[in-house]
Amino acid sequence: GAVVSQHPSWVICKSGTSVKIECRSLDFQATTMFWYRQFPKQSLMLMATSNEGSKATYEQGVEKDKFLINHASLTLSTLTVTSAHPEDSSFYICSASWTGGPVGEQFFGPGTRLTVL
Amino acid sequence: EDKVVQSPLSLVVHEGDTVTLNCSYEVTNFRSLLWYKQEKKAPTFLFMLTSSGIEKKSGRLSSILDKKELFSILNITATQTGDSAIYLCAHGSSNTGKLIFGQGTTLQVKP
């Protein structure tokens, strides 16, 4: 149980285009989803926290107009990187938690590797 | 601002060695301290610690938390090449449930 999927697993795009990444909880209802970014040889940096049906809460330094997050249902959250540039190339990982689970327990998706040319 | 610091940042050992990875934290509203192992993709869960002094064990891995001194250690005994990975420590906030990760320790186990 507690499986989280991400799609696509990798994407290559041209500079200036927008890219959407989907995160789905397959066998549970995710009241909260988290988006992380990880650069090579670095740790996971939390970008934003999203709760179903409400606006995402972004971490300091993360541009909300550039990284659009939508959490329209209890099983799906999307991250759209708008007008992507080479410096946005990174590994994007989502995770999900559910109401009633232990605090801090998150189930991670397999990640999406974004390369912007 | 909540902070989680891991040491060492990287470590190279030989198979059979025992390693100790460190994680210290300065946070408000402490609720849990988590350890993850990351190989090529997303992190996989190892341990969640909430109480001081109680060792959690899974095979050759064990971990303990000291809430007075604000640190945790992860021990791996009789290391194998398959233990090579990045080990991440994270604090779980009681308010939001979000995780704040340390920088990670990259462990390489040589045959």
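Taking the residues in the range B:8-49 that are within 12 Å of chain A (Cβ to nearest Cβ), open to solvent by 60 Å² or more (accessible area, probe 1.4 Å) and assigned to a strand (DSSP E or B) as candidates, determine which candidate is farthest from B:Lys98 (Cα to Cα). Outline the logic, then answer.
Taking the range B:8-49 first, the residues within 12 Å of chain A (Cβ to nearest Cβ) are B:9-10, B:23, B:27, B:29-45, B:47-49.
Next, from what is left, pick out any that are open to solvent by 60 Å² or more (accessible area, probe 1.4 Å): B:9-10, B:29, B:31, B:39-41, B:44-45.
Next, only the ones that are assigned to a strand (DSSP E or B) stay: B:10, B:31, B:44-45.
Details: B:Ser10: 26, B:Arg31: 11, B:Thr44: 16, B:Phe45: 15 Å.
Of everything passing the filter in the range B:8-49, B:Ser10 is farthest from B:Lys98 (Cα to Cα).
Going by the structure shown, is A:Thr57 under 13 Å from the mean Cα position of the chain (by Cα) and without any contact (Cβ under 8 Å) to a residue 12 or more places away in the chain? Full working, then the answer.
Working: under 13 Å from the mean Cα position of the chain (by Cα): yes; without any contact (Cβ under 8 Å) to a residue 12 or more places away in the chain: yes.
Yes, satisfied.
May I ask you to list the residues in the range A:24-35 that are more than 11 Å from every other protein chain (Cβ to nearest Cβ) and open to solvent by less than 60 Å² (accessible area, probe 1.4 Å)? Steps first, please.
Start the filter on the range A:24-35 by keeping residues that are more than 11 Å from every other protein chain (Cβ to nearest Cβ), which leaves A:24-30.
Across the range A:24-35, the qualifying residues are A:Ser25, A:Phe28, A:Ala30.
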- Query: Could we say that A:Thr57 is open to solvent by 40 Å² or more (accessible area, probe 1.4 Å), over 19 Å from A:Thr32 (Cβ atoms) and polar (S, T, N, Q) here?
  - Reply: no
- Query: Of the numbered conditions (1) open to solvent by 20 Å² or more (accessible area, probe 1.4 Å); (2) at pLDDT 90 or above; (3) closer than 27 Å to B:Asn29 by Cβ; (4) not basic (Lys, Arg), A:Ser77 satisfies every one except a single condition; which is it?
  - Reply: (1)
- Message: Give me the strands (runs of 3 or more DSSP E) completely within the range B:60-111, filtered to those with at least 1 residues that are over 11 Å from the mean Cα position of the chain (by Cα), at pLDDT below 95 and away from chain A (no Cβ under 13 Å), ordered by residue number.
- Response: B:61-66
- Failed condition for A:Asn70, given (1) closer than 18 Å to B:Lys98 by Cα; (2) in contact (Cβ under 8 Å) with a residue 40 or more places away in the chain; (3) more than 14 Å from chain B (Cβ to nearest Cβ): (2)
- Item | Residue within the range A:36-43 that is more than 14 Å from chain B (Cβ to nearest Cβ), open to solvent by 70 Å² or more (accessible area, probe 1.4 Å) and over 10 Å from the mean Cα position of the chain (by Cα) present | no
- Scan the range B:50-83 for residues that are open to solvent by less than 40 Å² (accessible area, probe 1.4 Å) and either under 30 Å from A:Ser5 (Cα atoms) or without any contact (Cβ under 8 Å) to a residue 24 or more places away in the chain (or both) and jot them down. B:Leu61, B:Ser62, B:Ser63, B:Leu74, B:Ile76, B:Asp83
- Query: What number of residues within the range A:56-82 satisfy the criterion of being of a type outside the set (Gly, Ala, Ser) and within 17 Å of A:Ser95 (Cα to Cα)?
  - Reply: 14
- Got at least one residue in the range B:15-26 being at pLDDT below 95 and among the small types (Gly, Ala, Ser)? no
- Message: What pairs come out if I take residues in the range A:6-32 that are on the phi > 0 side of the Ramachandran plot and pair them with residues that are assigned to a loop (DSSP other than H, G, I, E, B) and surrounded by fewer than 14 Cβ atoms within 10 Å (Cβ to Cβ) whose C-beta lies under 8 Å away, six or more apart or interchain?
- Response: A:Gly16/A:Ser83; A:Gly16/A:His85
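The values are calculated or read from the model by the stated rules, or taken from the named source; none is laboratory data. All values derive from a computational prediction rather than experimental measurement. Reconstructed Cβ throughout: ideal geometry from the backbone, glycine too, with neighbour counts over all protein chains shown. Surface accessibility is based on the protein's heavy atoms, side chains included, excluding ligands, DNA and RNA. Shrake-Rupley method; radii C 1.70, N 1.55, O 1.52, S 1.80 Å.
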